[in-house]
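Reading through the structure tokens given below for one structure.
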Amino acid sequence: MNELAPGGARLDIAELKIVTTKFRRAIERCDRRRLSITFRYFPKGSCGDAALLLRAFLLERGLGTFRYALGWLDRDDGRHSHAWLEAGGIVVDITADQFPEIDEEVIVTENSPWHAAIRLDEDEQETDYRRYDPNTVADLDASYDAILVEFDHL
């Protein structure tokens, strides 16, 4: 068992992987018209919103308080951003496989050299999407609700 956040819930990595894999499967099962446009080519281009919604889900289910991590990768084809979650040394990423060198759909680990090599954005990131502008909140709330319906049917 690992503490996921100071004072947070305790959950072993294997169980966290099961829950986050189910969350990803729920996204994949959703009718794309019910999701934010950022999910159109999931997992490509959807890491930020996916991480925000997964963070809300894990928090609401009492599975820990995760930090939204945003970083930059400099690649041959340009600079790319990527977002994932972290807590207590654990990396949780349900969209890293959008990059060709990653073949694992869901990453839940205490040691990810790939994530460690990403240059993190040092600016504080708002981690609760419900504090965004009303249009974004409505869009992400609708996406979250659609994902939860699929999650409960898995």
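Quick notes on this structure:
- Answer from 21, 95 - the residue that is of a type in the set (Ser, Thr, Tyr), within 22 Å of residue 154 (Cα to Cα) and either touching a Pro at 6+ places or on another chain (Cβ under 6 Å) or without any contact (Cβ under 8 Å) to a residue 12 or more places away in the chain (or both): 95
- Condition broken by residue 137, with the remaining ones in (1) at negative phi; (2) in contact (Cβ under 8 Å) with a residue 40 or more places away in the chain satisfied: (2)
- Applying the condition of being within 13 Å of residue 57 (Cα to Cα) and not in a helix (DSSP H, G or I) to region 122-154 and asking which residue is modelled with the lowest pLDDT yields 127.
- Checking each residue in region 52-67 for being surrounded by 22 or more Cβ atoms within 10 Å (Cβ to Cβ) and over 21 Å from residue 14 (Cβ atoms) picks out 52, 53.
- Checking every residue in region 110-127 against the condition of being surrounded by 13 or more Cβ atoms within 10 Å (Cβ to Cβ), over 21 Å from residue 40 (Cα atoms) and among the small types (Gly, Ala, Ser) gives at least one match.
The values are calculated or read from the model by the stated rules, or taken from the named source; none is laboratory data. Predicted, not measured: the structure shown is a model, and the values here were computed from it. Using ideal geometry, Cβ is built from the backbone for each residue, glycine included, and neighbour counts are taken over all protein chains shown.
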